[in-house]
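Remarks on the structure that follows.
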Amino acid sequence: MATIEKTKVKTSIKEAIAINNEIVLFNDDVNTFDHVIETLIRVCKHTAEQAEQCALLVHYKGKCTVKTGSLDELKPQCSSLLDAGLSAEIV
């Protein structure tokens, strides 16, 4: 018979919270699909397909998570989205 070993990995609460941040992009009546798609490709390093799907979700659902990661990584990206005239926040 084979023995199955299980190991527990301790993750601090700080580490768990640090990787669970998201940039949420919100719909607006100002920006074009092309502008949103180009900005997501440039800022969030999305593929064209990813950016288009996010733009469609934002349009039809009102918001979409466009990036997840650590707060330090997301802050400059969110600022760049805001500088481009998009509505976004880190949650």
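Bear in mind that the values in this text are calculations on the coordinates, not laboratory data. Here the structure is a predicted model, which means the values were calculated and not measured.
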Karplus-derived 3J(HN,Hα) from phi for the stretch 21-32 (6.51 cos²θ - 1.76 cosθ + 1.60, θ = phi - 60°), whole Hz, x at Gly and Pro, runs 7, 9, 9, 9, 9, 10, 6, 8, 9, 10, 7, 7
Set of aspartates and glutamates near Lys75 by C-alpha distance (under 13 Å), chain-local residues within fewer than 8 positions excluded
Glu22, Asp83, Glu89
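Quick check: residue separation of Leu82 and Lys45 times 0.36 nm, minus the Cα distance between them. What number comes out in nm?
Result for the pair: 11.7 nm of gain on full extension.
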